1. Can you give me the number of residues within the range 28-71 that are of a type in the set (A, V, I, L, M), surrounded by 21 or more Cβ atoms within 10 Å (Cβ to Cβ) and free of Cβ contacts under 8 Å to residues at least 60 places away in the same chain?
2. Which one of these does Glu135 not meet: (1) surrounded by 20 or more Cβ atoms within 10 Å (Cβ to Cβ); (2) under 20 Å from Ser23 (Cα atoms); (3) among the acidic types (Asp, Glu)?
3. Quick one: what pairs do we get from the range 145-170, first residue among the polar types (S, T, N, Q), second assigned to a strand (DSSP E or B), C-beta under 9 Å, 6+ apart or different chains?
Amino acid sequence: MIEDRLLSFWSTESGERGVGNASLLDQSLTAFFASRQCPGVAIRAAMAWTIAQARSKCPVISGFHSPLEQSVLEVILTAGAPCVMVIARKLERAHFPPSWLLAIQNGTAAVVSMEDTTRRLTAELAARRNDWVAEHADQIVVAHASAGGSLSQQMAQWERDGRHIKYLSK
């Protein structure tokens with residue numbers, strides 16, 4: 001449950017609910033993705049990219065679910081850089097870590113939940129969330145996508161749809 005009842009909820013026109021700085025969704029967002037398992041070269045590239053993003057204060061949007069995505073989020077939050085976290089659970093049932101609450105209260109973060117989320121992250125829900133993140137981003141950055149994995153399949157579709165993807169490692 002959300003610990004701080006002073007946080008105000010908002011809704012997007014397409015039905016998603018959120019908390020935090022809703023104006024971040026109106027800015028030029030960079031989506032960040034990484035597979036669950038990444039080689040060291042991808043991790044190093046992602047950390048260098050994250051530090052540059054944090055210094056530039058360019059907002060990053062992601063589900064921040066994979067281990068590398070979570071590490072990227074930690075750096076972004078520590079730096080006080082803006083980010084949009086898209087969660088796969090309902091806001092009313094979400095438990096936010098103190099670092100998230102601080103960023104929300106400081107106006108540097110927004111947390112978005114798709115309206116029809118469940119308590120459990122499924123492959124289908126993760127794919128829909130990734131598509132939502134990619135649709136709301138002006139740029140897509142991928143640290144690593146495992147060959148044949150679901151993220152690789154989504155990226156192929158995004159490229160077929162005309163989206164440019166920046167790869168930090170291949």
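Computed from the coordinates by the stated procedures, all read-outs in this text should not be read as laboratory data. Quick caveat, the model's predicted, so the values are computed rather than measured. Here the Cβ positions follow ideal geometry from the backbone for every residue, glycine too, while neighbour counts run over all protein chains shown.
1. As a first pass, look at the range 28-71 and keep what is of a type in the set (A, V, I, L, M): 29, 31, 34, 41-43, 45-48, 51-52, 54, 60-61, 68.
From the residues that got through so far, the ones that are surrounded by 21 or more Cβ atoms within 10 Å (Cβ to Cβ) too are 29, 31, 34, 42, 46, 60-61, 68.
This time we only want the ones that are free of Cβ contacts under 8 Å to residues at least 60 places away in the same chain, so: 60.
Selection size over the range 28-71: 1.
2. Failed condition: (1).
3. That search, which allows pairs on different chains as well, returns Gln154/Phe33; Ser169/Val142.
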